[in-house]
Every structure is written in C-alpha cells, then in structure tokens.
Amino acid sequence: MPESKVAVTGAAGFIGSHVCQALLEAGYRVVGVDNFDPYYDRRIKQRSLATLDEARGFTFVECDVRRTERLRSLLTDVEIVVHLAGRPGVRPSIDDPRPYTTMNVVGTASVLEAARVAGVARFVFCSSSSVYGNSPETIHREDVSADRPISPYAASKRSGELLCEKYSRQYGLTVATVRLFSVYGARQRPDLAIHRFAQAILCSERVRQFGGGGSERDYTYIDDAVSGIVAAMDWTGVCSGTHEIFNLGESRSVQLSYLIQLLGESIGIEPRVEVLPDQPGDVHRTCADISKARDVLGYRPRVSIEDGVPLFVEWYRKSNGHAEFAAS
C-alpha cells in the first residue's frame with residue numbers, strides 16, 4: 001500500500017528502526033515515535049535513527065506513548081500503527097517490575113486508545129515468545145495456553161495481547177499480534193546475549209553462560225522478523241474487528257552452547273566459557289510453530305543461525321569503535 005502513512009512506536013530501537021527502514025524503502029510515509037527510555041544508551045538509538053532519511057518520507061517525534069492525547073494528534077491521518085515501544089528485558093523485570101507495568105501495559109493501552117480515537121484502520125502489536133513461559137509443548141503454537149508467564153516482562157506482554165483482544169472485539173479495531181522469538185542482527189541492543197557474548201570473545205573475556213548450555217532459543221534474524229511484521233501490517237483480517245496472533249520465529253531451537261561455538265568460529269577466537277547458575281525468569285526452550293504465519297501472512301524466514309551469526313559479527317566489528325555499543 002505505497003503512499004499510506006504508518007506510525008511506528010519504538011522507532012529508534014533495534015527492531016523499530018529496521019521496520020521504519022523497510023517501510024520507507026517500500027514507499028510508505030512513516031511517523032516514528034520514541035521517548036528514548038533510559039534502559040540503554042540514548043546514543044545507540046540516535047545512531048539507529050541516523051540511518052533513516054527524512055527526505056524519503058520519515059518524520060520523527062520524541063514522545064512518550066503514555067501521553068494519549070499527544071499521541072492521538074500524531075495519528076490523525078495514520079492508517080496503520082505498528083506498536084513496538086516498551087520496556088524490554090526478562091531478567092531486569094524481576095528486579096524492578098514497576099516500569100514494565102507502566103510502559104508495557106499502560107503504554108499499550110494508551111496507544112490502542114489513541115488509535116481508536118484517531119480512527120486508525122489496522123494495528124500491529126509486537127509481543128514476545130516469553131508469554132509461553134515454560135510450556136510443556138515441544139513447539140509453541142499460538143492456540144496453546146499462555147496464562148503462566150514466569151517474569152513480569154512476559155506478564156506485561158501477555159497483558160498487552162489481552163488489551164488488543166479487548167479493543168478488537170469492543171471497538172472494531174483490526175489487530176495482528178506478532179510474537180517475536182529472540183531477534184538478533186545489526187544494531188542489536190547491547191544487553192542481549194549474542195551482543196554480550198561477541199564482546200566478551202573479542203575482548204578475551206570469559207563468556208558468562210548461565211546454566212549448562214543446554215537451554216534452547218529460536219533465534220530470528222532481524223530481516224526475517226521485519227518481513228513478518230510488514231506482512232502482519234498488510235493483513236486486513238476476515239472482517240473489521242478481527243484479532244489474530246502470529247508466531248514469528250525460525251521454527252528451530254538452537255542450544256546456547258552451539259550459539260557460543262558459532263560466535264567463536266565467526267570471530268576466529270576460542271570462547272572461554274564461565275558456567276553460572278540458571279537465571280530466574282529464563283525459559284528453558286523456545287521454538288515457534290510458524291505454520292499459521294506461513295499460511296496466512298506468507299511468512300518465509302530465510303536466514304539460518306549459521307548464516308546470521310557471521311552477519312552479526314561483521315556488523316559488530318564495523319561498529320566496535322563506538323563506545324556506546326559496548327555491553328553494560
């Protein structure tokens with residue numbers, strides 16, 4: 001839908017900046033919204049924003065999404081909202097859960113209400129595979145129970161999903177919720193595992209491996225995740241007021257020990273691993289059943305972990321001269 005206007009919240013973040021870039025390249029006009037939450041260095045987000053060209057139809061507004069009236073005015077002529085803004089991090093949410101309620105629950109309610117009042121046609125909510133918790137299911141399907149999250153972060157994302165269901169049924173807003181599975185790639189946040197491990201290996205430091213290395217994640221390369229989000233944005237539903245949930249992963253679980261091995265091979269340095277106890281709030285395994293996204297959205301992930309890790313390392317080497325990318 002070229003020339004349509006899309007609002008992306010969390011536009012200066014890792015995934016948000018990539019989504020904005022893809023939409024601009026496809027010919028959309030984009031309003032990016034971000035409040036530069038201090039969860040990580042503001043300079044990282046500013047560098048991500050620098051990749052976006054305002055001459056191609058991009059407008060950026062610094063705004064907290066909890067400011068409903070301010071946000072509503074920004075959505076006046078917007079047709080689609082992609083809601084990525086929120087406080088990330090499973091482990092930090094256990095130490096301080098309050099920001100996750102205010103940013104991820106109240107913030108999502110605010111964006112939904114602003115979209116409703118502004119007459120937005122479609123809404124994409126970016127949720128997380130964390131909502132599945134330690135499900136006994138080998139592969140996570142969208143229709144399995146997600147009522148036992150094991151961290152405040154996961155609970156806040158599940159709450160956002162329920163709010164989307166409410167706004168869809170009550171007010172006729174068409175909503176696609178996408179559950180993202182361990183997204184990685186260029187411009188990745190410094191607190192995420194692949195980023196932290198790469199820095200430790202390059203600096204000849206010990207890689208802090210929590211647990212025995214047998215935990216598994218469905219790692220999704222950023223380009224694949226973005227393609228799924230854009231496909232969800234184009235989804236119109238079977239009728240007005242439809243809400244559907246879609247998994248966006250690679251549909252393959254990768255052991256932590258193998259991930260560290262791949263990073264070492266890509267960097268050319270043997271990792272020195274320090275084994276630490278399991279962290280509270282971490283799920284043991286994630287693996288997405290993507291059949292629904294494949295059939296309904298045409299979602300086709302293309303980048304394997306074996307191809308994606310070298311791409312990340314290549315980006316990391318180029319960015320390593322910027323102190324703000326150092327992991328905290």
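Spin-label model, GLU25 to GLU165: label points 7 Å out along the Cα-to-beta-carbon direction sit 3.6 nm apart.
Rolling a 1.4 Å probe over the heavy atoms of the protein chains gives the chain an accessible area of 42 Å² per residue.
Take the Cα radius of gyration of region 1-50 and divide it by 2.2 N^0.38 Å, N being the number of residues; the result is 1.14. Net charge dipole, the chain: roughly 500 debye, given to the nearest 20, about the Cα centre with Cβ charges of +1 for Lys and Arg and -1 for Asp and Glu. Taking every protein chain into account, the 1.4 Å probe leaves MET103 with about 10 Å² of accessible area, to the nearest ten.
One way to sum up the overall shape of region 202-328 is the equivalent ellipsoid from its Cα gyration tensor, whose semi-axes run 32, 18, 13 Å, largest first.
Of all DSSP beta bridges located in the chain, what percent are antiparallel, nearest 5?
Beta bridges within the chain, antiparallel portion: roughly 5 percent.
The accessible surface of region 41-94, taken with every protein chain in place and a 1.4 Å probe, is 44 percent carbon and sulfur.
A Gaussian network model of the chain, with springs between Cα atoms under 10 Å, assigns the largest mean-square fluctuation among ASP64, ASP37, ASP295 to ASP295. Ranked by the mean number of other Cβ atoms within 10 Å of their residues, highest first, the peptides 215-223, 10-18, 93-101 fall in the order 10-18, 215-223, 93-101. Ranking GLY298, THR220, SER251 by how far each Cα lies toward the positive end of the dipole of region 214-328 (charges on Cβ) leaves GLY298 at the top.
Size estimate for region 160-201 follows the Kirkwood approach: the inverse of mean 1/r over distinct Cα pairs works out to 13.0 Å. Modelled label positions at VAL117 and ARG98, each set 7 Å beyond Cα in the direction of Cβ, lie 2.6 nm from each other. For region 11-107, the direction-averaged projected area of the alpha-carbon convex hull comes to 6.4 nm². Short to long, the 5 Å bins of the Cα pair-distance histogram for region 233-290 hold 4, 12, 14, 16, 14, 13, 8, 7, 6, 4, 2 percent of all pairs.
With a Förster radius of 22 Å applied to the beta-carbon distance between ARG56 and ARG294, the computed FRET efficiency rounds to 0.10.
If one computes P(r) from the Cα atoms of region 58-203, what percent of pairs lie at distances over 17 Å? Result: 65 percent of Cα pairs exceed 17 Å.
Computed over region 116-196, the convex hull of the alpha-carbon atoms projects to a mean area of 7.1 nm².
Kirkwood Rh over Cα pairs of region 191-253 into Stokes-Einstein at 20 °C, 1.002 mPa s: D in µm²/s? Answer, rounded: 143 µm²/s.
To the nearest 500 deg cm²/dmol, what mean residue ellipticity at 222 nm is calculated for the chain from DSSP H runs of n ≥ 4 alone, each contributing -39,500 (n - 2.57), summed and divided by the residues?
-11000 deg cm²/dmol
Mean projected area of the convex hull spanned by the Cα atoms of the chain, taken over all viewing directions: 15.1 nm².
The values are calculated or read from the model by the stated rules, or taken from the named source; none is laboratory data. All of these numbers come straight from a predicted model, not from anything done at the bench. Because the Cβ atoms are built from the backbone with ideal geometry, glycine has one as well, and the counts that use them run over all protein chains shown. Please note that ligands, DNA and RNA were not included when accessible areas were found on the heavy atoms of the full protein model with its side chains. Shrake-Rupley method; radii C 1.70, N 1.55, O 1.52, S 1.80 Å.
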